[in-house]
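Student: One structure is given below, represented as structure tokens, and several questions about it will come after.
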Amino acid sequence: MTDAPKHPPLAFSGMQPTNTLHLGNYLGALKNWVPLQAKMACLFCVVDMHALTDDAGYRKPGDVTRSTYEVAAAYIAGGIDPKRSPIFNQSRVPQHAELAWILNCVARVGWLDRMTQFKEKSGKHTERSSVGLYTYPVLMAADILVYKATHVPVGDDQKQHLELARDIAQKFNNDYAVPGYFPLPEPVITGPATRVMSLRDGVKKMSKSDESDNSRINLTDDADAIAQKIRRAKTDPHPLPNNQNEFKGRPEAENLINIYAALSDDTAEKVMRQFAGQQFSTFKNTLAELAVSKLAPITAEMRRLMADRAEIDRILKSGAEKAQSLAEPILADVKKIVGLVG
Ligand code: AMP
Ligand code: TRP
């Protein structure tokens, strides 16, 4: 391991174009991507091939297309500068899929069997789930490693997938005796809202696939919808807590305070100092105003961008060209390392 190369910092992250993005995607991921751009080179991908693992995407191709534009628009409206950080859709850079195959031959079935997201998504019908859903985390590892990315800013739910990506990278380096060839990518899971919970049930993650639209704030919701959903959010009858210890058994209170903290770039402690002892009805009004003031400009910019698909197309195409120029030589190296001719 003495001659392991040092890898230049590079961040990679992505979101699936399935359904609409919500506050969890924004606070857990996108909002944290923006300041990273000043610290290191970044690539932001719309992982459209991952969206095909979702049954809804498979049945409705038009939804994947529409959502691809929407996710790209959200990246730009949320503060990603496409001139600085390429934005592109995964399927346009074929090296992701090519590396995924090679990594499928490195990853072990036992490793994938432990993935909790697969278990949750496949439910009782494992044998009827797509093979793509099963091998989804290997494609995710390829997304990252095809650029030798070192940092991966994501929400808390992706931690296990990133550990797998590290295991795959390590096994590749060992098996082919290329110490340090792939970096072991670091998860970057930051901020007070790494796991935003449902507004209807504080122990369930806010999710695109929740049946209840009131459980989440969509990035396409207008000001009235945002305010209404917050006012109707489930809470308990007690006043706002004083400190973290009082979160015990009060997941809804914890969630709303964390959302407030993330939106206002404060810590949960500071928010509690400000609101401790107040009634939820008062706090919710202030939170609704804050959420609208932070989200409305993003929503408006998303709408403007989505009305001009040609502009988004130009951005995705140019992003893919830049991404491909980085991935091509790495994949060529990998092919040589594993003995594929040509
Ligand atoms: P997905 O929509 O599943 O492609 O997720 C895109 C990004 O949003 C990933 O980094 C997730 O970890 C993050 N994310 C999704 N749901 C939440 C949530 N409820 N709270 C925090 N982050 C989330
Ligand atoms: N699995 C991620 C999610 O659902 C999306 C994703 C795919 C991703 N490839 C990635 C995130 C690579 C970070 C890096 O949230």
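Student: Give 204/270; 121/171; 121/229 a once-over and call out the pairs whose C-alpha atoms are over 32 Å from each other.
Tutor: Details: 204/270 25 Å; 121/171 27 Å; 121/229 26 Å.
Violating the 32 Å Cα-Cα cut-off are zero pairs.
Student: When you have a sec, figure out the Kirkwood radius of the chain from all distinct Cα pair distances and drop it here in Å to one decimal?
Tutor: Numbers: mean 1/r = 0.0473 Å⁻¹.
Every distinct Cα pair counted, the radius reaches 21.1 Å.
Student: Between residue 196 and residues 5 or more places away or on another chain, which pairs have amide H atoms under 5 Å apart, with H built 1.01 Å from N, and which residues are they?
Tutor: Residues meeting the amide H criterion: 206.
Student: Here's another thing I want to ask about it. Which percentage, to the nearest 5, of the DSSP beta bridges contained in the chain is antiparallel? Don't skip to the answer; put the middle values down first.
Tutor: Numbers: 2 of 15 bridges.
If I count the DSSP bridges inside the chain, around 15 percent turn out antiparallel.
Student: For segment 1-113, what is the relative contact order in percent, using Cα pairs closer than 8 Å and at least 6 residues apart in sequence? The partial results should precede the final answer.
Tutor: Numbers: 109 pairs, mean separation 35.4, N = 113.
With pairs under 8 Å counted, the relative contact order is 31 percent.
Student: Whole-Hz ³J(HN,Hα) for each residue in segment 251-260, computed from phi via Karplus 6.51 cos²θ - 1.76 cosθ + 1.60 with θ = phi - 60°, x for glycine and proline: what do you get?
Tutor: After applying 6.51 cos²θ - 1.76 cosθ + 1.60, I find x, 5, 5, 4, 4, 5, 5, 5, 4, 4 Hz.
Student: Find how many whole Å separate the alpha carbon centroid of segment 98-169 from the alpha carbon centroid of segment 216-249.
Tutor: Going from one Cα centre to the other spans 33 Å.
Student: Let me ask you something else. Using the per-residue mean of other Cβ atoms lying within 10 Å as a proxy for protection, in what order, highest first, do the peptides 330-336, 252-258 fall?
Tutor: Values: 330-336: 16.1, 252-258: 22.0.
Highest-to-lowest ranking by the protection proxy: 252-258, 330-336.
Student: May I pose another question? With a sphere of radius 14 Å drawn around the Cβ of residue 282, what net charge do the other residues whose Cβ falls strictly inside it have (Lys, Arg +1; Asp, Glu -1)?
Tutor: On the way: positive: 231, 284; negative: 289.
Local net charge: +1.
Student: A follow-up question, please. Obtain the radius of gyration and the Kirkwood radius of segment 210-295 from its C-alpha atoms and give Rg over Rh.
Tutor: On the way: Rg = 12.5 Å, Rh = 13.1 Å.
That ratio is 0.95, to two decimals.
Student: Oh, and also: Lysines within cross-link reach of residue 317: Cα-Cα under 21 Å, excluding same-chain residues under 8 positions apart?
Tutor: Leaving aside lysines fewer than 8 places away in the same chain, those within reach of residue 317 are 83.
Student: Sticking with this one: List the residues whose amide H sits under 5 Å from the amide H of residue 14, counting only those 5 or more places along or on another chain, with H placed 1.01 Å from N in the peptide plane.
Tutor: Amide H to amide H, under 5 Å and 5 or more residues apart or across chains, residue 14 pairs with 45.
Student: While we're here: Quick one: if you take sqrt(5λ) for each eigenvalue of the C-alpha gyration tensor of segment 1-91, what semi-axes come out, biggest first, whole angstrom? Could the numbers behind the result be given before it?
Tutor: On the way: eigenvalues 142, 56, 24 Å².
So the equivalent ellipsoid measures 27, 17, 11 Å along its semi-axes.
Student: Can you put 222, 308 in order, fewest other beta carbons within 10 Å first?
Tutor: The fewest-first ordering by Cβ neighbours comes to 308, 222.
Student: Among the aspartates and glutamates, which have Cα under 19 Å from the Cα of residue 6 when same-chain residues fewer than 8 positions away are ignored?
Tutor: Here the aspartates and glutamates satisfying the reach criterion relative to residue 6 are 167, 186, 333.
Student: From Cα pairs below 8 angstrom and at least 6 apart in sequence, can you work out the relative contact order of the chain, rounded to a whole percent?
Tutor: Details: 523 pairs, mean separation 80.6, N = 342.
Once normalised by length, the contact order is 24 percent.
Computed from the coordinates by the stated procedures, all read-outs in this text should not be read as laboratory data. These figures come from a predicted structure and were not determined experimentally. With ideal geometry, Cβ positions are generated from the backbone for all residues, glycine too; neighbour counts draw on all protein chains shown.
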